[in-house]
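K.L.:
Sharing a structure here in structure tokens format.
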Amino acid sequence: MRELEYPFDSDYILKNAKKLRRLLLAEDNGGQAGSGRLHKKIAVLGGSTTHDIIRILELFLLNQGIEPEFYESEYGQYFQDAMFGNAKLEKFRPDVIFIHTSNRNVSFYPKPGDGKEQVECLLEEQYRHFEAVWDRLADTYHCPVIQNNFEYPFFRLLGNQDASAVQGRIRFLTRLNERFYRYAEEHANFYINDMNYMASAYGLDEWADPFYWHMYKYCMCMRAIPAFANNLCHIIKAVFGKNKKALVLDLDNTLWGGIVGDDGAENLEIGQETSLGQVYAEVQGYLKAQKEIGVMLNVNSKNEEENAMAGLRHPEGVLKPEDFILIKANWEPKSKNMAEIAAQLNVLPESLVFVDDNPAEREIVREQFPGAAVPEIGKPEEYVRVLDHSGFFEVTRLSEDDRKRSDMYKANLMREKQQAFFADYGEYLASLQMKGTVKPFEPVYMARIAQLTNKSNQFNLTTKRYTQGEIEQTAASSGYITLYGKLEDKFGDNGVVSVVIGRVEDGGENGKRLHVELWIMSCRVLKRDMEYAMMDVLVEECRKRGITEIAGYYYPTAKNRMVKDFYGQQGFTKVKEDEKGNTVWRYEIPEEYGKKNRYIEIL
């Protein structure tokens with residue numbers, strides 16, 4: 001919904017929240033209203049009034065494909081709900097908990113006459129108050145916890161010394177925030193909502209207007225709530241796999257000033273010679289940094305390819321041709337190029353963000369290629385801010401697989417090119433010299449496994465999603481079989497690409513049965529025998545546990561039709577299908593099992 005895309009009109013959102021909610025809920029997703037959204041339970045434990053935050057947060061989450069159900073604590077009861085139990089909250093069983101505290105919830109600050117030791121004691125006591133909350137919530141609910149850091153106060157008792165003197169409130173909050181960050185580093189299911197940055201970006205004097213605290217017990221002004229809710233939404237949608245994956249970039253007047261076909265590459269504005277050239281250099285630098293956190297860069301430009309490449313090779317340019325996975329420089333409609341880019345990357349349209357300075361081209365892509373994000377990027381000096389505040393690529397945990405994503409996809413294109421040289425597909429697979437690892441879940445890969453369960457939509461048979469805490473619990477339980485699969489070949493390492501979770505059931509005289517609750521695989525390794533390698537090891541693990549039968553389940557969505565007959569291809573027999581297309585499959589493990597994987601060497 002355009003009204004909820006950055007930059008948005010906060011006053012309009014606050015005034016029309018009911019109307020926007022009604023329109024969002026009425027939107028058709030996959031043929032049925034709301035059918036394409038994830039349903040998530042969100043507990044909001046507040047140190048200040050939270051009703052309007054919840055009201056506006058719901059809009060942003062719905063717009064991201066998440067249909068939330070909320071639990072809201074009583075005013076100021078965040079500590080009590082966490083530490084002393086709450087039957088209503090326990091029954092609610094949240095998928096994520098958000099602790100909405102602010103500097104108004106700091107119980108005590110240093111006094112001007114306090115010495116260093118006194119301040120240290122105050123800092124430790126205040127930190128332990130919050131640490132106890134986080135630990136108790138993690139032990140009780142095993143779900144992601146999001147915690148605000150502290151915004152700076154709206155006054156400075158010590159003036160400029162407030163930031164450096166040991167008794168200063170700003171320094172105290174800065175050090176308290178640092179303790180929060182260290183906790184986040186050490187706890188994978190804990191995330192910081194950077195309210196301090198939000199208050200600074202918004203303008204602290206307006207953000208912290210005391211009127212709203214004393215009149216309504218809001219820790220921020222009313223007009224700041226949409227910006228705050230949008231920022232919080234970025235974390236929640238990233239935790240549940242709703243991030244974008246790739247940027248698709250125009251060139252002329254988007255990555256540089258001027259039209260390369262008319263002006264010539266040598267006359268483009270990029271670099272340090274002009275103020276506008278510096279702006280475009282900063283834009284390119286920002287995009288290059290996006291690549292380094294795993295965002296895939298692509299070009300979609302109306303240009304001759306020769307001219308486009310000349311512009312990308314400009315000596316003052318930060319981005320070079322090798323930074324892009326796909327470069328579509330032609331005179332085809334940009335919507336057609338978008339479809340081809342999605343197909344070649346093997347991603348869904350909603351994984352793409354189209355960036356173009358031309359409003360007409362933006363509108364065409366919106367109409368002709370629905371699903372892709374198309375931000376209103378404004379003037380060149382606004383490009384970075386708009387892309388950054390839109391939160392398309394919010395980082396929760398940066399894995400090695402994320403950082404290597406562009407290289408992985410480039411290697412995939414090389415594999416596709418090599419395939420053209422082989423008449424026999426089996427010979428092609430053998431030429432890849434593939435080596436795989438299939439093992440029970442290991443701590444080093446827990447974050448990546450959780451990430452994959454939330455990102456995989458097409459090769460996902462049951463569409464179940466897991467948080468990292470749930471993955472860790474499942475791995476530790478003797479009632480489950482867990483497997484992850486890694487794959488590498490002569491072109492490179494694909495990382496963790498497949499996950500299987502099966503629940504063991506004691507069938508009595510009929511022996512044990514395994515119910516496959518999750519089977520997912522990255523689409524970039526489709527049809528390379530990895531699914532068969534996973535099946536082979538799954539059967540081995542079942543035999544070790546005395547399991548004689550495997551039950552598989554397929555729940556159809558608009559995105560996973562490609563695996564409708566997956567179990568049949570693995571040798572399962574379909575035993576049930578309902579009117580919605582949900583199917584149940586059964587596989588009786590034979591005494592003599594013939595391995596299905598022929599081309600991957602399992603290490």
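The values are calculated or read from the model by the stated rules, or taken from the named source; none is laboratory data. These numbers were taken from a predicted model, which means no experiment stands behind them. Here the Cβ is made from the backbone with ideal geometry for all residues, glycine too, and neighbour counts use every protein chain on show. All accessible areas refer to the heavy atoms of the entire protein, side chains included, with ligands and DNA or RNA removed. Shrake-Rupley method; radii C 1.70, N 1.55, O 1.52, S 1.80 Å.
K.L.:
May I ask you to list pairs of residues, at least six apart or on different chains, whose Cβ atoms are under 8 Å apart, with the first in segment 561-581 being within 20 Å of ARG598 (Cβ to Cβ) and the second being open to solvent by 90 Å² or more (accessible area, probe 1.4 Å)?
P.N.:
Final answer for the pair search is TYR567/LYS574; GLY568/LYS574; PHE572/ARG586.
K.L.:
Report, ordered by the first and then the second residue, all pairs with beta carbons closer than 6 Å, sequence separation of six or more or different chains, a first member in segment 79-105 that is among the aliphatic types (A, V, I, L, M), and a second member that is part of a helix (DSSP H, G or I).
P.N.:
The qualifying pairs are ALA82/VAL133; ALA82/ARG136; ALA82/LEU137; MET83/ARG136; LEU89/ASP81; ILE97/LEU137; ILE99/TYR78.
K.L.:
Do we have any residue at all in segment 163-179 that's loosely packed, with under 14 Cβ neighbours inside 10 Å and among the aliphatic types (A, V, I, L, M)? Step through it out loud before you land on a result.
P.N.:
Just the residues of segment 163-179 that are loosely packed, with under 14 Cβ neighbours inside 10 Å, to begin with: 164, 178.
Right, trim to among the aliphatic types (A, V, I, L, M) and you get none.
Within segment 163-179, not a single residue is loosely packed, with under 14 Cβ neighbours inside 10 Å and among the aliphatic types (A, V, I, L, M).
K.L.:
I'd like the full set of residues that are surrounded by fewer than 17 Cβ atoms within 10 Å (Cβ to Cβ) and either among the acidic types (Asp, Glu) or touching a residue at least 12 places away in the same chain (Cβ under 8 Å) (or both), limited to segment 533-544.
P.N.:
Initially, segment 533-544 is screened for residues surrounded by fewer than 17 Cβ atoms within 10 Å (Cβ to Cβ), giving 540, 543-544.
GLU540, ARG543 - these are the residues of segment 533-544 that are surrounded by fewer than 17 Cβ atoms within 10 Å (Cβ to Cβ) and either among the acidic types (Asp, Glu) or touching a residue at least 12 places away in the same chain (Cβ under 8 Å) (or both).
K.L.:
Filter segment 357-390 down to residues that are more than 20 Å from the chain's Cα centre (by Cα), open to solvent by 40 Å² or more (accessible area, probe 1.4 Å) and among the charged types (D, E, K, R) and give me whichever is nearest to ILE236 (Cα to Cα).
P.N.:
GLU376
K.L.:
I've got another one for you. For the condition of a type outside the set (S, T, N, Q) and under 25 Å from the mean Cα position of the chain (by Cα), what is the one hit in TYR12, TYR6?
P.N.:
Values: TYR12 fails: under 25 Å from the mean Cα position of the chain (by Cα).
Checking each option against the conditions leaves just TYR6.
K.L.:
Looking at (1) without any contact (Cβ under 8 Å) to a residue 60 or more places away in the chain; (2) of a type in the set (Phe, Trp, Tyr); (3) farther than 22 Å from ILE547 by Cβ, which one does PHE491 not meet, given that it meets all the others?
P.N.:
Exception for PHE491: condition (1).
K.L.:
Within the bounds of segment 416-427, is there any residue that is of a type in the set (Ser, Thr, Tyr) and open to solvent by less than 20 Å² (accessible area, probe 1.4 Å)?
P.N.:
To start, the set of residues in segment 416-427 that are of a type in the set (Ser, Thr, Tyr) comprises 425.
From what's left, open to solvent by less than 20 Å² (accessible area, probe 1.4 Å): none.
No, the conditions are met nowhere in segment 416-427.
K.L.:
Something else about it: If I ask for residues that are open to solvent by 90 Å² or more (accessible area, probe 1.4 Å) and over 30 Å from LYS435 (Cβ atoms), which ones from segment 565-603 would you list?
P.N.:
Answer for segment 565-603, where residues must be open to solvent by 90 Å² or more (accessible area, probe 1.4 Å) and over 30 Å from LYS435 (Cβ atoms): LYS574, LYS576, GLU577, GLU579, LYS580, ARG586, GLU588.
K.L.:
Moving on to the next point. If a residue must be over 17 Å from ILE259 (Cα atoms) and in contact with a strand residue (DSSP E or B) (Cβ under 8 Å, 6 or more places away or on another chain), how many such residues does segment 335-364 contain?
P.N.:
Residues flagged as over 17 Å from ILE259 (Cα atoms) and in contact with a strand residue (DSSP E or B) (Cβ under 8 Å, 6 or more places away or on another chain) within segment 335-364 amount to 14.
K.L.:
Would you mind stating whether VAL395 is under 14 Å from the mean Cα position of the chain (by Cα), modelled with pLDDT of 75 or more and open to solvent by 20 Å² or more (accessible area, probe 1.4 Å)?
P.N.:
On the way: under 14 Å from the mean Cα position of the chain (by Cα): yes; modelled with pLDDT of 75 or more: yes; open to solvent by 20 Å² or more (accessible area, probe 1.4 Å): yes.
Taking the combined requirement at face value, the residue satisfies it.
K.L.:
Just give me the residues in segment 479-527 being in contact with a Leu (Cβ under 7 Å, 6 or more places away or on another chain) and under 18 Å from GLN418 (Cα atoms), in sequence order.
P.N.:
ASP489, LYS490, ASN494, VAL525, listed by residue number.
K.L.:
Further question on the same structure: Among helices (runs of 4 or more DSSP H) lying entirely in segment 247-335, which contain 2 or more residues that are among the hydrophobic types (A, V, I, L, M, F, W, C) and open to solvent by 20 Å² or more (accessible area, probe 1.4 Å)?
P.N.:
Details: elements: 260-263, 275-292, 305-312.
Of the helices (runs of 4 or more DSSP H) lying wholly inside segment 247-335, those with at least 2 residues that are among the hydrophobic types (A, V, I, L, M, F, W, C) and open to solvent by 20 Å² or more (accessible area, probe 1.4 Å) span 275-292, 305-312.
K.L.:
Can you name the residue in segment 225-239 that is crowded, with 23+ Cβ neighbours inside 10 Å and either assigned to a loop (DSSP other than H, G, I, E, B) or touching a Pro at 6+ places or on another chain (Cβ under 9 Å) (or both) and is also modelled with the lowest pLDDT among such residues?
P.N.:
This residue is VAL239.
K.L.:
For segment 202-222, give me each residue that is surrounded by 15 or more Cβ atoms within 10 Å (Cβ to Cβ) and either in contact with a Phe, Trp or Tyr (Cβ under 9 Å, 6 or more places away or on another chain) or assigned to a loop (DSSP other than H, G, I, E, B) (or both). Steps first, answer last, please.
P.N.:
Taking segment 202-222 first, the residues surrounded by 15 or more Cβ atoms within 10 Å (Cβ to Cβ) are 202, 204, 207-209, 212-213, 217-222.
The answer is TYR202, LEU204, TRP207, ALA208, ASP209, TYR212, LYS217, TYR218, CYS219, MET220, CYS221, MET222.
K.L.:
Oh, and also: Being over 24 Å from ALA450 (Cβ atoms), open to solvent by less than 40 Å² (accessible area, probe 1.4 Å), aliphatic (A, V, I, L, M) and touching a residue at least 24 places away in the same chain (Cβ under 8 Å) narrows it down to one residue among ILE501, ILE547, ILE520; which is it? Spell out the reasoning first.
P.N.:
On the way: ILE501 fails: over 24 Å from ALA450 (Cβ atoms); ILE520 fails: over 24 Å from ALA450 (Cβ atoms).
Only one candidate passes the filter, namely ILE547.
K.L.:
Can you tell me which residues in segment 103-122 are assigned to a loop (DSSP other than H, G, I, E, B) and either more than 42 Å from the chain's Cα centre (by Cα) or over 13 Å from GLY168 (Cα atoms) (or both)? Please lay out each step first, then the result.
P.N.:
Residues of segment 103-122 assigned to a loop (DSSP other than H, G, I, E, B): 106-115.
Hits for segment 103-122 are VAL106, SER107, LYS111, PRO112, GLY113, ASP114, GLY115.
K.L.:
The conditions are (1) open to solvent by less than 40 Å² (accessible area, probe 1.4 Å); (2) at pLDDT 95 or above; (3) not in a loop (DSSP other than H, G, I, E, B), and ASP402 fails exactly one of them. Which is it?
P.N.:
Failed condition: (2).
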